[in-house]
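**Student:** Quick one: this structure, given as structure tokens, is what I'll be asking you about.
The values are calculated or read from the model by the stated rules, or taken from the named source; none is laboratory data. Quick caveat: nothing in here was measured; it's all calculated off a predicted structure. Glycine gets a Cβ as well: all are built from the backbone with ideal geometry, and neighbour counts include every protein chain shown. These area figures cover heavy atoms from the full protein model, side chains too; ligands, DNA and RNA do not enter into them. Shrake-Rupley method; radii C 1.70, N 1.55, O 1.52, S 1.80 Å.
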Amino acid sequence: MLPCVGYAVSVLRSDCLLRVFVARCLSEPQFFKQPKLGDEGEVNNKKATMNPNVPQDVQTTNASIVQPASGKQQRPASQPVDSHSVSRRLQSELMSLMTCGDPGISAFPEGDNIFAWIGTIKGSTTTVYEGLSYKLTLKFPTDYPFKPPTVKFDTLCFHPNVDQYGNICLDILQDKWSSAYDVRTILLSIQSLLGEPNNDSPLNSYAAALWSDQEEYKKVMRKQYRDAGGALTR
């Protein structure tokens, strides 16, 4: 009799479970919801991309990871700048400038910063700038000499190619720069520019228009120089 009792209990338990399942389906229709066409299409698309050689659980996990676009490659990390080589280059240029003996130009680092210099240019003889002395600042980038330094007049300079802020319009400091140039080249070029301006590309249009009248130009230029605190030597 005992096996029969156990069998009856099992049947009654299965019957109770079946009743619970049916009642849940009736009270919660979404429990037995069929996928829509759109959902089925998405499921089929996902299945189509599955690799049969890779376990499905691994592919499902990897599918949640955002992969980079196939046409784009990650940029390699930028190479660190060798500041020591730039420092050695600037120290070598300083020694060359000190021994070159070119009249009217000089430059030295500002304090202990080898990347910031103070330069001096004196106007050449036979020009309206003769006897005038100008201070300049030179700021060297960390990738010098592959990029030019930023050079500005610190002393107010009335000139067709210099604006009121000391910015200089000189091709070798812009698109004509070459890594073969050095501080000496820059200072000599600016010294030459004082007496030979490029009036076709002026930063100071008033100075460019006045250049043809050298006497009047000299008067205006020297007055502004004195007003800015400059000392005339002759």
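**Student:** Can you pull out the residues in the stretch 176-212 that are farther than 28 Å from Q91 by Cβ and acidic (D, E)?
**Tutor:** Correct list: E196, D200.
**Student:** If R184 satisfies all but one of (1) within 32 Å of the chain's Cα centre (by Cα); (2) over 26 Å from I114 (Cα atoms); (3) basic (K, R), what's the number of the condition it fails?
**Tutor:** (2)
**Student:** When the stretch 134-172 is examined, which residues are found to be polar (S, T, N, Q) and open to solvent by less than 40 Å² (accessible area, probe 1.4 Å)?
**Tutor:** Those that are polar (S, T, N, Q) and open to solvent by less than 40 Å² (accessible area, probe 1.4 Å): T137, T155, N161.
**Student:** Tell me which residues, restricted to the stretch 87-117, are open to solvent by less than 50 Å² (accessible area, probe 1.4 Å), acidic (D, E) and assigned to a loop (DSSP other than H, G, I, E, B).
**Tutor:** D102
**Student:** List pairs: first residue in the stretch 160-185 and closer than 13 Å to P202 by Cβ, second residue of a type outside the set (G, A, S) and part of a helix (DSSP H, G or I) anywhere in the structure, Cβ distance under 8 angstrom, at least six positions apart or on different chains.
**Tutor:** Going by the 8 Å Cβ cut-off, the qualifying pairs are N161/L193; I168/I190; I168/L193; L170/I190; L170/L193.
**Student:** In this structure, does V220 turn out to be outside any loop (DSSP other than H, G, I, E, B), among the β-branched types (V, I, T), more than 21 Å from G119 (Cα to Cα) and touching a residue at least 24 places away in the same chain (Cβ under 8 Å)?
**Tutor:** yes
**Student:** Follow-up. Only one of these is assigned to a strand (DSSP E or B), among the β-branched types (V, I, T) and out of contact with any Leu (no Cβ under 6 Å at 6 or more places or on another chain): T120, T155, T142. Name it.
**Tutor:** Of T120, T155, T142, the one residue that is assigned to a strand (DSSP E or B), among the β-branched types (V, I, T) and out of contact with any Leu (no Cβ under 6 Å at 6 or more places or on another chain) is T120.
Residues are listed down the side, and each one gets a yes or a no for (1) under 24 Å from A107 (Cα atoms); (2) of a type in the set (A, V, I, L, M):
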{"site": "P141", "(1), (2)": "yes, no"}
{"site": "V162", "(1), (2)": "yes, yes"}
{"site": "I168", "(1), (2)": "yes, yes"}
{"site": "I172", "(1), (2)": "yes, yes"}
{"site": "A180", "(1), (2)": "yes, yes"}
{"site": "T185", "(1), (2)": "yes, no"}
{"site": "L188", "(1), (2)": "yes, yes"}
{"site": "D213", "(1), (2)": "no, no"}
{"site": "G230", "(1), (2)": "yes, no"}
